[in-house]
Amino acid sequence: MLLEKPAKMAKRNKLEIIRDVLRIIQEHREIKPTPLLRRSNISSSRFKEYYSELLEKEFLKETYGKNKKITLTDKGQKYLEKYQTIINFIDEFEL
Amino acid sequence: MTGRAITGMGQGLGKFMTLGIGTEIIYSFVIIVCSLMIYFGTRELYNLTKHKGIKYFRLSFLFFALAYFFRSFIKIILFYFDIREIRLLLPVFGSVTLFIFMYFSAIAIFYLLYSVMWKKWKSKLTIYIFHLSALIISTTVLLFITSLVYFTINLLLLIFIIFTVYTAYHQSKKKKSYNLYIIYLMLFIFWIFNIIDILVPSLLQTFQLFIYLFSLGIFLLIFYNVIRKTG
């Protein structure tokens, strides 16, 4: 008897990955890089790319206390607030 | 009904359909404002995402606004001096204005098409090809002052547009987007009428009111959809 393959998770696009990473930070308020990588569910090389891009875009910032922690900036918060509007707009005009 | 009566009716209809400078200014003003509001209204979405589709969508409306500005400028000069061609009155200045109008018109069309096709047209050369094509179109319009050349250019542009819109629709996963592609197609067709109206002013004079109303309707519809989605 053939076993049914487990349903694959749909491939996330760039905007969705950014949303997921930012949501994890938002939920934790501040988070260390390693747990963020683990929860993001992307490879470490891709995580590095996204991480530098998000730092560059000022969506998140690093704080240095005892350990390095990552927190969300106002711009990152704005992205999460506007995410559905962005998706609706892209969808409407097939961009 | 006599022949004279029919001719009279035709002239009357022609007079009614031929629009004055006030209408021209209002028409251009509404479309420029709509286009600029689309451009500035989508700025935040673009700044947050740097999404390529949003980038070319909003840039195309910036170029539509610029093209309409130069279009109305040409129209005002034609009205004011009661001439058929801007180049007859101001050879250098007129040619430069016409060149800029044609360049922005072509780029606006190319950018709007690219905003829906950028995922398919991945080559980095695409944008350069568009600018080069726009330059060739504008230069040809300046060098060859014949209606045949103008029609050929616009016909080629129209064929390219229809082919691209059809391909985009065919490849679209969402068949609900049918309305969007119809709106885009109408926008392009009526934009080409607007170009012909500048290049060969006497040709579409009878249908000017219809062209203006339809063009306004299309721009207002796109503007309404943008406002509805961006809030």
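The values are calculated or read from the model by the stated rules, or taken from the named source; none is laboratory data. Bear in mind the structure is a predicted one, so any value in this text is a computation, not a measurement. When we count neighbours, we look across all protein chains shown, and the Cβ atoms used for this are built from the backbone with ideal geometry, even at glycine.
Tabulated data
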| item | result |
| --- | --- |
| Residue among B:212, B:166 that alone is among the hydroxyl-bearing types (Ser, Thr, Tyr) and over 30 Å from residue B:79 (Cβ atoms) | B:166 |
| Qualifying residue in the range B:198-207 (condition: within 10 Å of chain A (Cβ to nearest Cβ) and under 17 Å from the mean Cα position of the chain (by Cα)) | no |
| The range B:33-54 - residue that is touching a residue at least 40 places away in the same chain (Cβ under 8 Å) and more than 17 Å from residue A:79 (Cα to Cα) and, of those, nearest to the other protein chains (Cβ to nearest Cβ) | B:53 |
| Residue in the range B:171-178 that is within 24 Å of residue B:218 (Cβ to Cβ) and crowded, with 16+ Cβ neighbours inside 10 Å present | yes |
| Within the range A:13-95, helices (runs of 4 or more DSSP H) holding 3 or more residues that are within 14 Å of another protein chain (Cβ to nearest Cβ), buried (at least 16 other Cβ atoms within 10 Å of the Cβ) and in contact (Cβ under 8 Å) with a residue 24 or more places away in the chain | A:14-28, A:74-92 |
| Qualifying residue in the range B:193-204 (condition: part of a helix (DSSP H, G or I), touching a residue at least 12 places away in the same chain (Cβ under 8 Å) and either more than 25 Å from residue B:70 (Cβ to Cβ) or of a type in the set (Ser, Thr, Tyr) (or both)) | no |
| Of the criteria (1) in contact (Cβ under 8 Å) with a residue 24 or more places away in the chain; (2) over 25 Å from residue B:168 (Cα atoms); (3) of a type outside the set (D, E, K, R); (4) touching a helix residue (DSSP H, G or I) at 6+ places or on another chain (Cβ under 6 Å), which one residue B:83 fails | (1) |
| Residue under evaluation residue B:178, criteria (1) touching a residue at least 60 places away in the same chain (Cβ under 8 Å); (2) within 14 Å of chain A (Cβ to nearest Cβ); (3) over 28 Å from residue B:43 (Cβ atoms), criterion not met | (1) |
| Those helices (runs of 4 or more DSSP H) lying entirely in the range B:68-168 with at least 3 residues of a type in the set (Gly, Ala, Ser) and at pLDDT 90 or above | B:91-117, B:125-143 |
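The rows are residues; the columns are (1) surrounded by 17 or more Cβ atoms within 10 Å (Cβ to Cβ); (2) within 14 Å of chain A (Cβ to nearest Cβ); (3) at pLDDT below 95.
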position: B:5; (1), (2), (3): no, no, yes
position: B:13; (1), (2), (3): no, no, yes
position: B:18; (1), (2), (3): no, no, yes
position: B:23; (1), (2), (3): no, no, yes
position: B:58; (1), (2), (3): yes, yes, no
position: B:63; (1), (2), (3): yes, no, no
